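Quick note: the coordinates plus some simple rules give every number you see, no bench work behind them. Everything numeric here is computed off the predicted structure, so don't read it as measured data. In this analysis, Cβ positions are derived from the backbone assuming ideal geometry, glycine residues included, and neighbour counts consider all displayed protein chains.
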Amino acid sequence: MSDARSRIFARIASGRGQALPSPEAIAAERAGLVPDASATQPTFTEQDTLARFEAMATSERLTATVAHIASLEDVPAAVAAYLAAKGLPAEAAIAPVLAELDWSGVNASTAITPNQPVAVTLAEGGVAETGSLIFRSGPETPMLHNFLGLHHVAVVRKDGIGRYLESVFGPDAPALPRIMSLVTGTSGTADIEAVNIRGAHGPRYLHILMVAE
Amino acid sequence: MTKVHPHVGLLVTCLVDAMRPEIGFATLKLLEQAGCSVSVPETQTCCGQPALNSGARGEAKTLAKRVVAAFEPFDYVVAPSGSCLGTVKTHYPELLADDPAWKRRAEQVAAKSYEILSFLSEVRNWRPEGVRFPAKATYHHTCAGLRELGIYAQPLKLLEQVDGLEILPLEGETACCGFGGTFAVKYPEISTAIVSDKTRQIAATGADTLLAADLGCLMNIAGKLSREGRSDIRVFHPVEILAGMADGKGVAGR
Amino acid sequence: MSTALRSPANFKRDAAEAVTKPSLKIALDRTTGLLQRRRVDVLKAYPEFEATREVAKNIKDHTLAHLDHYLAEFEKNATAAGAVVHWAETPEQACKIVIDLCRQADAKSVTRVKSMLGEEIGLPKALAAAGIERVETDLAEHIIQLADEPPSHIVIPAMHKTREEVADLFAHHHKEPKIDGEVGTLVESARGELRPKYVAADVGISGANFLIASTGTVVTVTNEGNAELTTELPGMHIVTAGIEKVVPEPQHALVLLRLLARSALGTEFTQYTSFFTGPRREDETTGPEAMHIVLVDNGRTQMLASEMRPMLRCIRCAACINHCPVYGAIGGHPYGSTYPGPMGSVLTPALQSLEVAKDLPHACTLNGRCQEVCPVKIPLPDLIRSLRDDTWRRNLVPKPAKLAVQAWAWVAVRPSLYRLVSGLANYALRLWAGPRGMIAKLPLAGGWTQGRDFPRPTGPTFMTQYKRRQGR
Ligand code: SF4
């Protein structure tokens, strides 16, 4: 196995025909590869960050719905309202990170089943450019909760929504978790005649609760 | 090169020479109308594109050198074909790259080479006057002209000024017609399948005339239209219209 | 067409057969047409496209020029995150590593996320040979698994299937099929069929769209969310990836991701973009306990050292395929390879051999549309031309064709002889045509006149007439 590795590396080196430049030289070139990230970012000056996020997420293609709430404490009531509006029973799987909230109106459990009708999770933030939600795996935020529900209710704080994808990896961002998923709208497929269909494997409905606080 | 009467070397192209001389004479006439003095070097045969596209680089090089040598003396080189001119302009310098002297010569020739419609429109600022061709036409943009030479608006600008000529929009106007030089003979089934899309789209425009600026593509499309019995659609090279010489039979024999 | 029979060596025959299938034509037209229009629409709102292409090209070129450096960096960081990195030079080695890992996990069933590298190395067959049940979770892969067919497209592997054909398949194979003529109902049927299988799988296998060197991260994109379900539920996650997938840092992956979704499906961004860094962490109770990354060469180091190097910039978006008139006429199967269309015509000779794939570089009109749409600016027509040069040099061009070109070139350097020959040909054609303007059957040009007429020359050659006019 390590033989394969050394032969692959040898072929790469011999194909280059010259010595590998010093790490410093490579690093210098690498630092200049994206001279100006904004040149690769779509402009949306007419909209502010939050308006763009909401417009993208609720676009015809991403099909999410959005509700605004004042604080995290309002999440259970907003979930209950969503369930009622959809005619669903007052039951949901919730991410452990949300378990501290007062769920008295909803039969909420942190356990999740393969055919979970509704799951409620907390996003770390969002990206206005694409209308994406950012989810990081962790003991309090298990990743499956974001994928198994037919209805996914995602909570996101407005101040966690950055302008461009680069904000996810900014200098202040924490180290990468085991999985970080950028969820952009609902599960979809275009595999049959390129027709866009929702709810291929993951959630068919995405409801975003934007928290003001 | 801002001469009042530049001296142009006309690259007739082997297909126009053998199959449809009218296109050559129309080009000649237009160049003269645009104030050029025109010569037709007698040593020209073919630009070598079939060799180049077959992978026969050696043969292609020999032919490229001959064309470069034959056309060096002129102020401009002009051809009524985007693909032949594309060969001269984009492929010769690369083909002759391993010989610095030839490479330089090829680059010099390439720099003064133009497809006829872009030459008339951009270099000579020529516009048709008093040309009449009452027809509902549609325009197919040929691939080499479009993608190797960037010709898109120029022909339409010229045709706009022809009296009585209306240009109808063509779906897939920039999609390949399936000719591809020797491809049309090597893979006839595929080539025919591709050109059937083209003729279907042409028929859907309701046009009575099809225009395109490369004889290879014209023969392919006309050949398919003819096989489909579409005798209502005539096929011409735009220079034939612009030179007022489209009064005879079109490429499809009508 | 079953998987066993496909080879690029049969290209001519299979292509000629493909153009006669009306359902294939319908499926291709519906799909490629829609994808082309969507791409145009999404790029209207992204004037930064051209600038971004240039940046993307530079990122890939820089990484390829220092590939060993970045692979080592990736290996170091992935290992630090707890993943195990394996190296394979050939498809056989790669499959063996995967199968051994599956055995180690005592796997009876594996779920798989669509990965073209997996197809390239023949992983589906290897799993079958090892007696391991394989569940394809990508809808398109699920469809062609049921049909026992190879993929015909790299982004939409079942592009050759109409909804009617899919409905037939589901009716036969699904436990509780749902069918009513709507595409949405078919998707529902597949969802119901596949959900229990995610849960039952012992190993999840994915590919990688990018590998990030600075963090040791594997990036996948899907629209369905099947990558996360596939890799999160079983105890082991195996990644198979080509060595050219590495990029230096997350910011570089972002630039390429902006191009990928727009070029592939005409959307701003893919629905699920996930960054996997190592296996389950100490404080977690879910996620795979083991993560293995198998990095595959399979001809790539050779391409790196050849004129084909720009091809390694490819991010597998399929824009070139969606815009290729030849693909649009014949679909993916005649290419006899995982990779069809323009990118396949360059990759297949490198991954298999030019001998078996000698038709592919010639089966192209050189119309240049592929290069025009390629997000990483791969000069596909130039690479295809260069492969044609190789077929000529290595005597892979049919003898008669070669002789014809040589004879014609020999004549073309002798102007007086050329005038004589072209004059004769011109005359003979006019004679053969008689009074008709078009020729329906032409000896020696049967290929042409099989589906098209050939015009009769309108008169003597230009040169003849020109000389006459000059009074000579
Ligand atoms: S060659 Fe270019 S256009 Fe084709 S799949 Fe690769 S990246 Fe996309």
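A few comments on the model shown:
- As a calculated quantity, the FRET efficiency between residue C:468 and residue B:5 at R0 = 22 Å, using C-beta atoms, amounts to about 0.30.
- Sorted by Cβ neighbour density within 10 Å, fewest at the top, the residues C:438, C:463: C:438, C:463
- Alpha-carbon centroids, region C:312-340 and region C:433-472: separation in whole Å: 36
- Qualifying GluC sites (Glu not before Pro) for region A:4-68 [loop in DSSP, other Cβ within 10 Å: at most 16]: A:46, A:60
- Each Lys and Arg contributes +1 and each Asp and Glu -1, all at the Cβ; summed about the Cα centre of the protein assembly as shown, the dipole is approximately 4860 debye.
- Ordering A:122, A:112, A:47 by Cα displacement along the dipole of chain A toward the positive end leaves A:112 in first place; charges were set at the Cβ atoms of Lys, Arg (+1) and Asp, Glu (-1).
- Whole-number percent relative contact order across chain C, with pairs defined as alpha carbons under 8 Å at least 6 apart: 20
- Pairwise label distance in nanometres, residue C:410 with residue A:39, each label 7 Å out on the Cα-Cβ vector: 5.4
- Prolate/oblate/rounded call for region C:9-127, Cα gyration tensor, a/c under 1.5 rounded: oblate
- Debye, to nearest 20: dipole size of chain B, +1 on Lys, Arg Cβ, -1 on Asp, Glu Cβ: 280
- Point-to-point label distance, residue B:231-residue C:54, nm (Cα→Cβ direction, 7 Å offset): 5.6
- Length-normalised contact order for chain A - Cα pairs under 8 Å, 6+ apart - percent: 23
- Pairwise centroid distance, computed over Cα atoms, of region A:25-79 with region C:170-231, Å: 26
- Selection from B:178, B:242, B:167 lying farthest towards where the dipole of region B:130-242 points positive, charges on Cβ: B:178
- Ranked C:39, B:104, C:53, criterion: other C-beta atoms within 10 Å, fewest first: B:104, C:53, C:39
- With a 10 Å cut-off around each Cβ of C:59-70, the average count of Cβ atoms from other chains is 5.
- With Cα atoms defining each centre, region B:215-252 and region C:356-385 are spaced 29 Å apart in the structure.
- Each peptide in A:16-23, C:119-126 was scored by the mean count of other Cβ atoms within 10 Å over its residues; highest first, the order is C:119-126, A:16-23.
- Near-label residues of region B:24-55 by backbone N, under 11 Å of a point 7 Å along Cα→Cβ of residue C:425: B:46, B:50
- Fraction of antiparallel bridges per DSSP, region C:3-301 only, in percent to nearest 5: 25
- A Cβ-based charge dipole, computed about the Cα centre of region B:104-254 with Lys and Arg at +1 and Asp and Glu at -1, lands at about 360 debye.
- For residue B:75 and residue C:103, a Förster radius of 56 Å and the Cβ-Cβ distance give a FRET efficiency of 0.15, rounded to the nearest 0.05.
- Given B:61/C:358; C:161/C:377; B:112/C:44; B:65/B:186, the pairs whose alpha carbons are separated by over 32 Å: B:112/C:44
- Counting beta carbons within 10 Å around each of C:138, B:75 and listing the fewest first gives the order B:75, C:138.
- Shape category assigned to chain B from the gyration tensor of Cα positions, a/c cut at 1.5: oblate
- The modelled label-to-label distance between residue B:108 and residue C:176, using points 7 Å beyond Cα along the C-beta direction, is 8.1 nm.
- Computed over region B:130-242: relative contact order in percent, which uses C-alpha pairs under 8 Å that are six or more apart: 33
- Set of lysines near residue C:76 by C-alpha distance (under 24 Å), chain-local residues within fewer than 8 positions excluded: C:60, C:96, C:245
- Relative protection proxy for A:154-165, C:278-289, B:48-59, C:336-347, from highest mean packing down: C:336-347, B:48-59, A:154-165, C:278-289 (other beta-carbon atoms within 10 angstrom).
- Zone of residue B:174's modelled label, taken as backbone nitrogen in region C:232-263 under 18 Å from a point 7 Å along Cα→Cβ: C:262-263
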